[in-house]
Amino acid sequence: MAGPRPWSLFWEWGKNIICVGRNYADHVREMGSTVLREPVLFLKPSTAYAPEGSPVLIPPYCRDLHHELELGVLMGRCARAVPEAAAMDYVAGYALCLDMTARDVQNECKKKGLPWTLAKSFTSSCPVSAFVPKEKIPDPHALRLWLKVNGELRQEGETSSMIFSIPYIISYVSKIITLEEGDLILTGTPKGVGPVKENDEIEAGIDGVVNMRFKVEKSEY
């Protein structure tokens, strides 16, 4: 039998990336959207993963690529219709993540009422930090996230400002999508999203927990 899969390489074997939109009120306002009563969900393929050391790629059809800083939650076992009170028992750990977004493409999709796949699901659209075991973050709702571009602070936010809590999100998602070991849930972004261009350097971190750094490059295809 195969041995346990290494969490240090979760991006190599994890299958599903489930993303939550509009989960910070300040970001909802900056995007001119409205706060909803239930989470907005969309998906990224596993090929969206970009571990530290690989570049963030600008897709050839994008003219306005934006960074969105997020706390990612990694599932430690299969979860189907789990109650909110038990949801954290299914968590293996965390990662700092970027939901890279082709904003010009997303805006066109919104106008036409189309899905966001072209804007959100391209190769390297989910840069991730090293795996952080659950034990290192006693309270995931008490974290400060920050992001810099070329040394300039662009995004910062407190996970305490989430509209929907992590247990609620896990429970909600698991009633729609059966979550598997290694699945990643992105929990939304605080305000401050903005553009990056070729040769920019993105640095991001969770205070006292983990940092990561990425270079932005144009995709050849």
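The values are calculated or read from the model by the stated rules, or taken from the named source; none is laboratory data. The shown structure was predicted, so the numbers you read here are calculated from the model rather than taken from an experiment. Here the Cβ is made from the backbone with ideal geometry for all residues, glycine too, and neighbour counts use every protein chain on show. Side chains included, ligands, DNA and RNA excluded: accessible areas come from the protein's heavy atoms. Shrake-Rupley method; radii C 1.70, N 1.55, O 1.52, S 1.80 Å.
Can you tell me which residues in the range 141-164 are over 21 Å from residue 67 (Cβ atoms) and touching a residue at least 40 places away in the same chain (Cβ under 8 Å)? Selection gives 164 alone.
Does the range 4-26 hold any residues that are charged (D, E, K, R) and in a helix (DSSP H, G or I), and which are they?
Residues of the range 4-26 charged (D, E, K, R): 5, 12, 15, 22, 26.
Matches in the range 4-26: 12, 26.
All of (1) part of a strand (DSSP E or B); (2) open to solvent by 60 Å² or more (accessible area, probe 1.4 Å) hold for residue 42 with one exception: (2).
Answer with yes or no whether residue 97 is at pLDDT 95 or above and either farther than 22 Å from residue 205 by Cα or not in a strand (DSSP E or B) (or both).
Spelling it out, it is not the case that residue 97 is at pLDDT 95 or above and either farther than 22 Å from residue 205 by Cα or not in a strand (DSSP E or B) (or both).
Evaluating residue 21 against the criteria (1) farther than 19 Å from residue 128 by Cα; (2) touching a strand residue (DSSP E or B) at 6+ places or on another chain (Cβ under 6 Å); (3) not charged (D, E, K, R) leaves one unmet condition, (1).
Checked against (1) in contact (Cβ under 8 Å) with a residue 24 or more places away in the chain; (2) in a helix (DSSP H, G or I), residue 92 meets all criteria but (2).
Candidates in the range 174-216 are the residues that are out of contact with any strand residue (DSSP E or B) (no Cβ under 6 Å at 6 or more places or on another chain) and under 22 Å from residue 124 (Cβ atoms); of these, the one that is least open to solvent (accessible area, probe 1.4 Å) is 182.
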